[in-house]
1. Give the residue that is nearest to the chain's Cα centre (by Cα), with candidates limited to residues of segment 372-392 that are more than 19 Å from residue 297 (Cα to Cα) and crowded, with 17+ Cβ neighbours inside 10 Å.
2. Find all pairs meeting these conditions: Cβ atoms under 9 angstrom apart; at least six residues apart or on different chains; first residue within segment 381-407 and closer than 19 Å to residue 332 by Cβ; second residue surrounded by fewer than 14 Cβ atoms within 10 Å (Cβ to Cβ) and at pLDDT below 80.
3. Only one residue in 355, 369 is free of Cβ contacts under 8 Å to residues at least 24 places away in the same chain, under 18 Å from residue 299 (Cα atoms) and touching a strand residue (DSSP E or B) at 6+ places or on another chain (Cβ under 9 Å). Which one?
4. Output the number of residues of segment 264-309 satisfying the condition of being at pLDDT 80 or above and assigned to a loop (DSSP other than H, G, I, E, B).
5. Counting just the residues of segment 35-54 that are within 20 Å of residue 306 (Cβ to Cβ) and touching a strand residue (DSSP E or B) at 6+ places or on another chain (Cβ under 6 Å), which one comes out surrounded by the fewest Cβ atoms within 10 Å (Cβ to Cβ)?
């Protein structure tokens with residue numbers, strides 16, 4: 001007998017497309033669909049089936065081919081699925097054309113809409129709600145066709161207050177309801193941007209006050225569900241909500257941490273990253289993400305037990321570059337080692353950057369080494385170097401980016417020439433390539 005909650009869950013079919021000419025830089029299609037299913041579960045949606053297709057190029061009208069679309073429609077009818085989840089972001093045209101192919105009560109959602117829905121459910125502070133609402137409206141504006149019921153849930157998130165814009169305002173002579181809706185959304189976007197600019201100014205004032213105290217800021221960054229909040233709780237008794245789901249917490253939390261030598265640092269927990277993080281969401285969360293860009297040191301929390309740990313690590317580094325935090329010193333912290341057997345852990349330790357730390361935030365394993373690394377990280381000295389790294393030494397190029405400060409980089413016939421500053425303890429890895 002199903003519970004009432006299980007009976008009310010939306011049923012969905014996932015759609016994944018592999019474009020043949022595009023080599024995947026992040027997750028494989030299968031891994032990406034597994035992540036999409038976790039996102040759906042977090043949003044309260046039950047995935048009951050999936051459809052995948054390899055294409056040279058997306059279909060210009062319906063994204064997937066005609067035959068695959070017919071297969072999808074039949075499968076949705078057979079499984080009584082009223083939600084279709086696409087793993088990639090659909091263009092407004094794709095969205096409109098796909099909606100025409102399905103019954104009126106079938107929702108077409110892409111990964112971006114699903115992530116926005118999750119953020120709307122999990123935003124707790126006024127700032128978080130404003131940021132999510134702004135991202136929703138920017139996504140919604142070019143897609144105004146049907147009722148946006150999936151973005152108007154009464155769950156305490158941003159969209160619960162907006163409740164859709166249909167019917168807002170009065171129409172002028174000859175003006176359609178769609179035009180009224182668009183005008184109202186644009187007005188609301190302007191208002192939200194103004195409100196968030198005030199939030200940004202408020203944060204800047206707080207940061208300026210913080211700088212006067214000369215207390216270093218250490219930001220926890222990482223893929224969603226890597227264990228950042230658990231670590232902050234374990235280190236500082238912060239009492240932050242923790243759940244085994246994607247995007248359990250959105251709003252930044254800062255707590256003081258006393259180091260053994262008597263120093264004090266501020267630890268800031270930030271929103272988790274994910275592959276294909278919506279551009280509008282990154283832009284809307286600018287005020288929050290500035291907490292990362294202003295940090296003195298980043299702790300990159302990585303889920304060592306995840307089968308795609310390396311791809312997740314690269315996704316986070318790419319996002320850090322995009323938000324302007326690529327040059328801040330980083331300590332890689334591999335979390336959840338309590339879930340690894342000894343042999344797997346030893347293999348892990350041998351294969352990665354030797355300055356990485358291995359911990360279990362839940363079991364408080366490896367904290368002494370972590371605290372020592374934080375102390376060293378905020379006081380470490382850097383040395384200016386010029387190196388020419390052979391093309392085969394891609395690992396060292398990545399290490400320079402992660403741990404040092406790159407001032408210039410150019411490719412020539414001998415390899416990659418980099419000038420910048422490196423932590424003293426890493427010089428031995430680069431000595432033979434110094435000019």
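The values are calculated or read from the model by the stated rules, or taken from the named source; none is laboratory data. No experiment lies behind these values; they were computed from the predicted model shown. Neighbour counts run over all protein chains shown; Cβ positions are idealised from the backbone, glycine included.
1. 389
2. Once the first residue is closer than 19 Å to residue 332 by Cβ and sits in segment 381-407, its partners that are surrounded by fewer than 14 Cβ atoms within 10 Å (Cβ to Cβ) and at pLDDT below 80 give 382/424.
3. Numbers: 355 fails: free of Cβ contacts under 8 Å to residues at least 24 places away in the same chain.
On inspection, the qualifying residue turns out to be 369.
4. First pass over segment 264-309, keeping only residues at pLDDT 80 or above: 264-270, 272-276, 292-309.
Then drop every residue that is not assigned to a loop (DSSP other than H, G, I, E, B), which leaves 270, 272, 274-276, 294-296, 304-308.
Number satisfying all stated conditions: 13.
5. Keep residues of segment 35-54 that are within 20 Å of residue 306 (Cβ to Cβ), which gives 35-42, 47.
Among the residues that remain, those that are also touching a strand residue (DSSP E or B) at 6+ places or on another chain (Cβ under 6 Å) are: 36-37, 40, 47.
Details: 36: 25, 37: 18, 40: 24, 47: 20.
Selected residue: 37.
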